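For reference, the structure is listed below as structure tokens.
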Amino acid sequence: MIAVEIKGVTHLYGERKALDQVRFEVERGEFFAVLGPNGGGKTTLFKILATLITPSGGDALVFGKSVVSEPDAVRKKIGVVFQTNSLDKKLTVLENLKFAGVLYGLSGSELQSRIESALERLRLTDRKSDKIEDLSGGLARRVDLAKSLLHSPELLILDEPSTGLDPGARHDLRKYLEELVSEHQMTVLITTHLMEEADYCHRIAILNEGRLVALGKPEELKRKLSGEVIQLKAKHPDKLLSVLESELHLKCQKLGESIRIEKDNAHEWIPRIVERFAGEIESVTLSKPTLEDVFIKETGHEFWGEKK
């Protein structure tokens with residue numbers, strides 16, 4: 001079953017096109033990431049799915065309900081976690097959850113039961129009397145997540161969920177989200193600019209300047225590239241690029257002050273390159289293709305770099 005269907009979504013801010021004919025689907029029970037640099041369009045897409053803004057063109061369906069014509073029906077099916085938590089810092093964990101539950105139309109024993117379930121699921125039962133202002137960033141994020149689950153949404157949408165979290169809290173958050181997918185069959189969609197955060201998702205959509213540039217499982221996208229990637233830094237990169245292409249007949253790409261070579265068995269070329277350009281090369285790195293390499297392949301520039 002299709003949980004989310006993005007149908008040619010376009011969105012304008014004045015004359016700037018934040019999204020341009022974006023199309024993809026998310027299956028029920030998937031852990032899905034929308035990956036892109038800042039300004040790539042992912043937060044605009046998040047706002048559209050959360051029914052905070054209406055797209056300038058196209059539509060998005062959430063379990064068959066349109067964000068354009070049926071926003072109220074969509075809101076009943078989604079839980080939303082914003083980049084910055086929406087908790088009242090002066091209230092306790094329990095008070096925040098009770099207040100959120102009332103807004104969802106819950107009350108009495110049903111609300112109490114759902115709060116207890118959310119606290120247990122997020123391992124927060126022993127912190128329910130603590131004020132939000134006394135919690136770490138990771139614990140506050142868990143409370144925000146618990147709040148979004150009170151009405152048992154079918155789709156959980158999170159905008160940059162790891163923002164402000166230390167590595168340990170990021171790992172914990174990942175595990176909680178994976179549990180929601182594997183144990184509770186929830187569909188989870190995150191937006192992120194972090195490669196490692198997207199890498200553990202079932203599938204990803206990569207956005208750049210409002211356009212969808214790649215879609216698929218992380219490992220499948222990386223396997224489409226050649227086996228290894230060499231990155232060279234040199235005193236005179238333009239000169240190095242010219243000689244690598246003319247003498248060694250290597251297909252190269254200049255990225256800033258670096259030279260990138262994508263090739264099967266690229267490691268076999270490193271001794272030859274270093275010997276030929278002794279004194280010119282400042283550093284050499286060898287790696288398997290990453291999601292950033294996928295991005296570079298599809299856009300021609302680095303994830304955080306300027307467009308050529």
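Summary of values
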{"item": "Kirkwood-Stokes translational diffusion coefficient of the chain, alpha-carbon pairs, 37 °C, 0.692 mPa s, µm²/s", "result": "153 µm²/s"}
{"item": "Principal axis dimensions, the stretch 143-240 - Cα atoms, whole angstrom, descending", "result": "61, 28, 26"}
{"item": "Computed over the stretch 191-279, Cα set: Rg, Dmax in Å", "result": "16.2, 44"}
{"item": "Extension gain, Lys233 back to Ile53 (0.36 nm per residue minus Cα-Cα distance, nm)", "result": "60.4 nm"}
{"item": "Most mobile listed residue (Ala146, Ala100, Ala278) in the chain, GNM with C-alpha springs under 10 Å", "result": "Ala278"}
{"item": "Residue (of Tyr176, Phe24, Val274) at the positive-pole extreme of the chain, dipole from beta-carbon charges", "result": "Phe24"}
{"item": "Order of Arg114, Arg142, Arg123 - criterion: other Cβ atoms within 10 Å of each residue's Cβ, fewest first", "result": "Arg123, Arg114, Arg142"}
{"item": "Gain on full stretching of the segment that runs from Ser113 to Thr84 - 0.36 nm per residue minus C-alpha separation", "result": "7.8 nm"}
{"item": "Point-to-point label distance, Glu27-Gln253, nm (Cα→Cβ direction, 7 Å offset)", "result": "2.9 nm"}
{"item": "Cβ-based exposure ranking for Phe99, Phe32, in which fewest neighbours within 10 Å come first", "result": "Phe99, Phe32"}
{"item": "Reach of Lys175 by Cα under 27 Å, taken over lysines that are not fewer than 8 positions away in the same chain", "result": "Lys42, Lys47, Lys76, Lys77, Lys89, Lys98, Lys128, Lys131, Lys147, Lys217, Lys222, Lys288"}
{"item": "Fewest-first ranking of Leu165, Leu189, Leu248, using other Cβ atoms within 10 Å as the exposure measure", "result": "Leu248, Leu165, Leu189"}
{"item": "Efficiency of FRET between Leu286 and Lys76 - r from beta-carbon atoms, R0 51 angstrom, step 0.05", "result": "0.50"}
{"item": "Inter-site label distance for Ser136 and Ser69 at 7 Å from Cα along Cβ, in nm", "result": "4.9 nm"}
{"item": "Charge dipole (the stretch 68-198, unit charges on Cβ, about Cα centre) - positive-most of Gly138, Ile190, Gly101", "result": "Gly101"}
{"item": "The stretch 2-221, dipole about Cα centre (Lys/Arg Cβ +1, Asp/Glu Cβ -1), debye to the nearest 20", "result": "440 debye"}
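No value in this document is a laboratory result; all are computed from the given coordinates. Note that the structure is a prediction, hence the values are computed from the model and not measured. Reconstructed Cβ throughout: ideal geometry from the backbone, glycine too, with neighbour counts over all protein chains shown.
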